[in-house]
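This report concerns only the one structure given below.
Each value in this text was obtained by applying a stated rule to the coordinates, not by laboratory testing. Predicted, not measured: the structure shown is a model, and the values here were computed from it. Counting neighbours? That spans all protein chains shown, and the Cβs are built from the backbone with ideal geometry, glycine included.
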Amino acid sequence: MKKDSLARASTARQTRFMKVPTKNRPRGLNLPAHSIFADVIDETPPEPDKRNPAAVALGALGASKGGKARSAKLSPKKRKEIAKKAAEARRQRKRRVI
């Protein structure tokens, strides 16, 4: 019985202190340092934008007009309801944070 409990304790200790797997680093003197440095400064180039530029421009034009047009179309009563709902949501968020 005592032997079994020691084996379980040993296994628990091993799993608790095992190293977290990390990505493989290149061998050599300067290569690991360069690899770590590259990870720290994140020198990967940004991916080019694959969207259609004409569609992006049209979307931006519509977005700049959308909110103003919607607010002009709403009645004062409806705008007041929306504002109350937004204020209540902000109050709820503040209560949850604290």
Please list, by residue number, every one of the trypsin sites (Lys or Arg not before Pro) in the range 43-83 that is coil in DSSP and has at most 14 other beta-carbon atoms within 10 Å.
Lys50, Arg51
Rounded, prolate or oblate for the range 52-98? Axes are the square roots of the Cα gyration tensor eigenvalues, ordered a ≥ b ≥ c, and the cut-off for rounded is a/c under 1.5.
oblate
